[in-house]
Amino acid sequence: MTTTVIDGSVEEGSARTRRLPRIPLIDQARAVALIAMAIYHFTWDLGYFGYIEPETATTGGWRIFARLIAGSFLALAGFSLVLGHAQGFRPRPFLIRLGKIGLAAALITLATWFLFPQTFIFFGILHAIAAASLVGLLFLRLPVIVTLLAAAAAVAAPLYLRSPVFDHPALWWVGLSVDVPRSNDYVPLLPWIAPVLLGIALARLFLASPLPERLAGVGTATKARWKTLLATAGRHSLAIYLVHQPILIALVYCFSLVFPAPAPDPVESYMKSCTRACTNERDGGFCESFCGCTLDRLQQANLFADLNSGAIDVTTDERISAISSQCTANAETRPDLKE
C-alpha cells in the first residue's frame, strides 16, 4: 500500500557500491495485491448490502484470503524499506513517506468512526505499516538471522503472551489482548510485524545477490500495456487504496437503488448471528438450545422487533439479561447436553 523509490546504491563489502536499477516486478507485485484487496472488499460490500451472507468475507476461505493480502502488503513494505535505504538511512524521504501513511491512516479512522462507529478502524493495515516501518528501522543493519528470529517471536507472542493487561483500549494496537476488539480492519503489531520483518530479511538477501540486475528488465521487456499499468498502479498504491473502497461502495449502493437485495428473514438472521457469537465460547449443542430459547422468549415478550430495529441496547437492558440467564440455565440442564 505504500510507494517507495527503489533507485539508489548499496554497499558490497567495505568499498564497492553498485547502482540499483528500478525493478518493475516489485511495483507489479504490489498492484496484484491491490487487485486482490479490491476483490475482497467488493465481496465485503456485497455482504454489507445484503446480496450475499453478511459474514461471507470474514469466515472460511475469504478470511484466509484477507490475511494473505495483508501479509503481502506488509512484506512488500518491509522489502521496500530496505531497498529505499540500501546505501544509508535517508531521513527526509522516510519521514515524508511516514507522514503520508500516517495521515491516510488517520483519515480512515475518522471516516470509519462516522460510518461504522461500532467497528471503526483504529489500527488497520495502514496503521500497521506506519508502526512497522518505525520498528523496521532497527533491523535494517542487523544480521538476517536476528530478523528472522524476531519474526518468529512475533508470530508466537499472541499464542503465549496474551494478558488482560492488554485489554485496555490504549493497548489494543499491541495485539496481546485476551478479548479481540471489534473492527472492520484490525492489524495489530503482533503478529503482523512478522511479514514486515520477513520482507526485510528477504530484501537483505536479495541485495547480496546478483538478482537486482537480472530482474531489472523482467516485467517490462515485452512492453505489454497491462504490465505498464500494473507498474504504474503499484507506484501509486497508497492513493488507489484510499479511493478504491469508496468507489466500490458507491457502485454497489447505486446498484442497490435499482435492484435492491431481498430482505433477510429476521428469525434466520438472528439464529445465525446468535449461534456464530455463541460458538466462540460454547459447543454447538448448547448454542442451538440457547439461541432457540432466547428467540422464543424474545417473541413471547414482544421484544424481538425492537431488538432487530436497534431500539433495545442488549448490553444494558435488564430484560435481555434476564432472558439470557434463564436460557443459559435451561440449555445447561438439558439431559442430552450433560456428559
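Of note:
- Solvent-accessible area of the chain (1.4 angstrom probe, protein heavy atoms only): carbon and sulfur portion equals 66 percent.
- Among complete DSSP H helices in the chain, those whose alpha-carbon atoms stretch at least 20 Å along the helix's long axis and whose mean Kyte-Doolittle hydropathy reaches -1.0 are 24-48, 60-84, 91-115, 144-160, 189-207, 237-258, 284-300, 318-332.
- For region 266-333: accessible area per residue (Å², 1.4 Å): 60 Å²
- Cα gyration tensor category, rounded, prolate or oblate, for region 35-109 with a/c compared to 1.5: prolate
- Using a cutoff of 8 angstrom between alpha carbon atoms and counting only pairs six or more residues apart, the relative contact order for region 266-333 works out to 33 percent.
- FRET efficiency, Arg182 to Ala305 (Cβ-Cβ, R0 25 Å, nearest 0.05): 0.50
- Sequence ranges 64-73, 264-273, ranked by mean other-Cβ count within 10 angstrom, highest first: 64-73, 264-273
- Free-standing Cys, the chain [no other Cys Cβ under 4.7 Å]: Cys254
- Surface per residue (accessible, 1.4 Å probe) for region 24-258, Å²: 52 Å²
- Extension gain, Val32 back to Leu149 (0.36 nm per residue minus Cα-Cα distance, nm): 39.3 nm
- Given the alternatives (i) 76, 46, 31; (ii) 104, 50, 38; (iii) 81, 49, 34, Cα extents along the principal axes in Å as computed for this entry is given by (iii).
- Over region 24-258, Cα pairs under 8 Å with separation of 6+ residues give a relative contact order of 33 percent.
- Whether region 162-313 is rounded, prolate or oblate, judged on the alpha carbon gyration tensor where a/c under 1.5 counts as rounded: oblate
- When the Cα gyration tensor is reduced to axis lengths a ≥ b ≥ c, the ratio a/c is 1.5 or higher for region 88-239, and with a/b not above b/c it is classed as oblate.
- In Å², nearest 10: area of Trp172 left accessible to a 1.4 Å probe: 70 Å²
The values are calculated or read from the model by the stated rules, or taken from the named source; none is laboratory data. Being a predicted model, the structure only gives us computed values, none of them experimental. All Cβ positions, glycine included, derive from the backbone under ideal geometry; neighbour counts span all protein chains shown. When the accessible area is computed, the model is the full protein with side chains, heavy atoms only, and any ligands, DNA or RNA have been set aside. Shrake-Rupley method; radii C 1.70, N 1.55, O 1.52, S 1.80 Å.
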